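One structure is given below, encoded as structure tokens.
The values are calculated or read from the model by the stated rules, or taken from the named source; none is laboratory data. Since we're looking at a predicted model, the values are computed, not measured. Quick reminder, even Gly has a Cβ in these numbers, built from the backbone with ideal geometry, and neighbours come from all protein chains shown. In case anyone asks, the SASA skips ligands and DNA or RNA and just uses the protein heavy atoms, side chains included. Shrake-Rupley method; radii C 1.70, N 1.55, O 1.52, S 1.80 Å.
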Amino acid sequence: MSEATGTGPGGDGQQGLAGDPARRRWMGVLARASAAEIAARLDGLPPLPAHRRLRAPETGLVMLRGRQGGDGQPFNLGEMTVTRCSVTLPDGATGHAYVAGRDRRQAELAAVLDALLQDPARRPALLAAVIEPLAEAQAARAARQAARAAATRVQFFTMATMR
Amino acid sequence: MAYVAVKGGERAIEAAHAWLAEARRGEPAVPELGVDQVEEQLGLAVDRVMAEGACYDRGLAALAIKQARGDLIEAAFLLRAYRTTLPRFVAGAPLDTGAMRIRRRISATYKDLPGGQVLGPTFDYTHRLLDFALAAEGEAPPPPPEAPAEAERMPRVTGILAQEGLMQPEARGEAPAEAEPPDLTREPLAFPAARPLRLQSLARGDEGFLLALGYSTQRGYGNAHPFVGEIRMGEVAVEITPPELGFPIEIGEVTLTECQMVNQFAGSKTEPPQFTRGYGLTFGHAERKAMAMALVDRALRARELGEEATAPAESEEFVLYHCDNVEATGFVEHLKLPHYVDFQSELEKIRQLRATALREAAE
Amino acid sequence: MTRPMRMPLAAGFADPVLDAQCCFRAALEAMARPGRVQRVAAPPEAPPPLGGAAAALLLTLADAGTPVWLDAGPAAEAWLRFHAGCPIAAMPGEAAFLLATGAPPPLARLAAGSEEEPHRSATLILQVASLAEGDGWRLSGPGIEREHRLRVEGSPPGFAAEWAANHARIPQGVDLFLCAGDRLAALPRSTTLIPG
């Protein structure tokens with residue numbers, strides 16, 4: 001793809017958070033959580049502020065790529081569905097979400113939370129109430145799967161040598 | 001061929017569709033199959049439809065299977081048709097299968113490789129005896145056993161061979177300038193096809209066709225000496241860089257099956273004898289497909305490795321033009337559409353030839 | 001590598017799928033009936049100088065596979081990139097779609113397709129002051145029974161001659177949308193134009 005011209009880098013006051021590992025992490029956690037799981041974590045918190053849809057939830061595709069041989073040149077493997085959404089809050093903060101699948105509600109919740117989490121005043125409470133519990137649940141699922149895999153690991157033992 | 005527009009049959013078609021809907025539902029006294037049941041309990045059919053439909057979405061694939069009454073090629077067709085209605089936002093970063101969260105990982109070349117042989121949920125050691133307990137209303141099976149997971153890395157067998165210089169390295173562009181791979185969903189196939197294009201075509205190719213071709217290379221139609229270096233199945237994170245963010249984010253995970261087939265290579269004028277790779281990668285848990293793909297990928301490399309290419313699996317035009325079951329079913333099944341005019345001309349020709357032949361025989 | 005974009009401030013279509021489908025239908029009508037004026041629902045926040053119809057057309061037609069050239073300034077570029085995901089073409093000849101709010105680049109310099117693949121040609125979206133049916137240009141050709149009249153205020157000087165040259169290249173050539181406010185009309189390359 002040709003590089004865009006005329007769109008200079010950044011300048012939106014968000015650059016401090018661009019590529020911020022913390023932001024990448026919460027976006028990844030929200031992408032792996034269902035709308036119901038996110039909503040359950042928001043239950044009991046003060047209601048989310050009203051937001052404006054900058055880009056309404058929309059489902060499209062991402063082309064997934066592999067590497068030939070596992071580590072060589074990229075090739076196009078096939079596409080996957082993805083839903084994206086972008087919102088702004090009354091204070092001007094902008095949130096984005098790209099989540100695998102077709103769940104529009106998940107994408108919108110994730111975008112709103114992305115906008116809120118960029119506010120240093122709101123961040124600690126939201127991390128504690130929403131992101132960390134979701135991340136823990138995801139880690140627990142992965143750990144259980146790893147434990148099941150470990151139980152199917154073959155323990156070889158050598159038979160007495162036959163002559 | 002000539003076609004003539006024919007009108008009519010609307011009522012017959014409507015009646016056929018109504019009957020199809022009823023046949024799809026089956027006996028009403030039997031509970032209806034939910035799409036979530038297909039997704040959860042016919043998961044390998046879902047995987048196959050995602051792979052051949054070239055679209056990763058378990059729910060859509062399950063719906064397609066239900067709509068197609070279990071006809072998996074029809075289901076892949078439905079999924080392909082649906083994907084054409086969606087915009088493509090961006091391409092993902094190449095999936096890092098080396099960082100896969102492993103559910104299954106086996107090697108046929110080294111017994112004691114680091115990370116070990118992990119069987120995962122496999123049919124391999126089942127007795128292939130019908131289990132009539134499944135025909136009864138079953139209780140939920142007990143949860144499978146767990147064992148402490150070691151944080152041991154699972155290096156690839158190909159990497160182990162590469163350390164000794166015995167594995168041909170894969171060509172790889174320099175990082176930022178890495179070329180955009182060709183995409184057969186945007187540009188029609190052209191020959192000779194580069195390996196990335198071949199792999200895309202094989203990844204969406206029909207499992208049965210690739211299985212037969214892979215098998216043929218083992219039976220002598222091709223010069224194959226394959227070993228399963230490694231098969232791994234599990235979850236891999238999907239990462240994209242949305243232009244409005246400018247940094248990479250994870251958007252979820254996909255289940256993939258990867259097969260690295262290790263093949264002997266006698267060497268050429270420019271390269272010493274070493275091992276080469278055949279590569280298979282598919283959506284979902286699809287081991288047979290990944291293995292067949294790896295065999296065919298290696299066979300299709302014959303020409304570039306300077307080997308004699310005479311077998312069907314080594315002919316890229318033959319393989320790539322015929323491995324897509326949606327294209328194949330379209331062309332085969334179009335034969336049942338009206339060919340009334342073509343056939344009229346055939347009839348006339350045969351009558352003439354026959355009359356001539358009979359006249360000559362009589363003279 | 002991708003660089004972060006300037007913060008997009010304005011919304012696009014309220015419903016990206018349905019609104020784009022409605023606009024696509026209007027664009028299809030316009031191309032099928034050259035010179036007939038269609039109205040489209042404009043995205044409410046398109047940054048100036050983007051007009052409603054031109055903005056709607058771009059959101060409908062442009063995507064990651066179609067480089068777009070435009071002369072509407074950085075705000076419009078950023079807005080379009082954000083909502084349509086399209087790359088911005090540096091040169092008019094590289095673009096699949098072009099938007100001219102001022103003097104358009106010469107039609108002869110735009111992608112015109114090839115004899116084998118005439119569809120690999122550019123579509124120019126030209127913003128003009130006004131569009132009205134009834135008098136003005138005399139249009140004829142496929143999709144027009146006898147003649148359509150279209151009054152275009154604000155078309156570039158010498159346009160009729162340029163269009164004649166474009167029309168003469170069939171099957172190659174450029175297709176044109178004319179936009180004024182929320183109104184649009186189309187001239188596919190097959191249309192003959194006589195100034196009136």
Whether any residue in region B:343-353 is closer than 30 Å to B:Leu184 by Cβ and of a type in the set (A, V, I, L, M) is what I want to check.
no
Options B:Ala203, B:Ala193, B:Ala147; residue that is small (Gly, Ala, Ser), outside the structural domain of B:Glu287 (by TED's automatic domain parsing) and out of contact with any Phe, Trp or Tyr (no Cβ under 6 Å at 6 or more places or on another chain):
B:Ala147
Here's a check for you: in region B:258-307, which residue that is away from chain A (no Cβ under 12 Å) and polar (S, T, N, Q) is surrounded by the most Cβ atoms within 10 Å (Cβ to Cβ)?
B:Gln274
Only one residue in B:Leu281, B:Leu320, B:Leu256 is in contact with a helix residue (DSSP H, G or I) (Cβ under 6 Å, 6 or more places away or on another chain) and not in a loop (DSSP other than H, G, I, E, B), so which one is that?
B:Leu320
Boolean, B:Arg88 is within 20 Å of B:Gly284 (Cβ to Cβ) and within 13 Å of chain A (Cβ to nearest Cβ)
no
Which condition number does B:Arg103 fail, the rest of (1) within 7 Å of chain A (Cβ to nearest Cβ); (2) farther than 23 Å from A:Leu77 by Cα; (3) not hydrophobic (A, V, I, L, M, F, W, C) being met?
(2)
Could you please let me know if B:Ala149 is exposed (fewer than 14 other Cβ atoms within 10 Å of the Cβ) and of a type in the set (A, V, I, L, M, F, W, C)?
no
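Here's the yes/no breakdown for (1) more than 30 Å from C:Trp79 (Cβ to Cβ); (2) in contact with a Ser or Thr (Cβ under 7 Å, 6 or more places away or on another chain); (3) among the basic types (Lys, Arg); (4) more than 8 Å from chain A (Cβ to nearest Cβ):
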residue	(1), (2), (3), (4)
B:Ala162	yes, no, no, yes
B:Leu166	yes, no, no, yes
B:Tyr215	yes, no, no, yes
B:Arg219	yes, no, yes, yes
B:Pro248	no, yes, no, no
So B:Pro181 clears everything in (1) open to solvent by less than 60 Å² (accessible area, probe 1.4 Å); (2) away from chain A (no Cβ under 11 Å); (3) part of a loop (DSSP other than H, G, I, E, B); (4) not polar (S, T, N, Q) except one condition, right? Which one?
(2)
If you go through B:Thr109, B:Thr85, the only one that is hydroxyl-bearing (Ser, Thr, Tyr) and either closer than 30 Å to B:Gly159 by Cβ or in a strand (DSSP E or B) (or both) is B:Thr109
Tally time: how many residues in region A:90-136 are open to solvent by less than 20 Å² (accessible area, probe 1.4 Å) and touching a Cys at 6+ places or on another chain (Cβ under 8 Å)?
5
Residue in region B:201-224 that is modelled with the lowest pLDDT, counting only those that are charged (D, E, K, R) and not in a helix (DSSP H, G or I)
B:Arg219
Residues of region B:43-73 being free of Cβ contacts under 8 Å to residues at least 40 places away in the same chain, open to solvent by 20 Å² or more (accessible area, probe 1.4 Å) and within 15 Å of the chain's Cα centre (by Cα), which ones?
B:Ala45, B:Leu72
Give region C:122-134 a look and list any residue that's crowded, with 21+ Cβ neighbours inside 10 Å and outside any loop (DSSP other than H, G, I, E, B), or say none.
C:Thr123, C:Leu124, C:Ile125, C:Leu126, C:Gln127, C:Leu131
On the given criteria, is B:Arg288 in a loop (DSSP other than H, G, I, E, B) and either under 30 Å from B:Pro272 (Cβ atoms) or touching a residue at least 12 places away in the same chain (Cβ under 8 Å) (or both)?
no
Residues (more than 16 Å from the chain's Cα centre (by Cα), facing chain B (nearest Cβ under 7 Å) and not in a loop (DSSP other than H, G, I, E, B)) located in region A:65-93
A:Arg65, A:Gly66, A:Arg67, A:Gln68, A:Gly69, A:Gly70, A:Pro74, A:Phe75, A:Asn76, A:Leu77, A:Gly78, A:Glu79
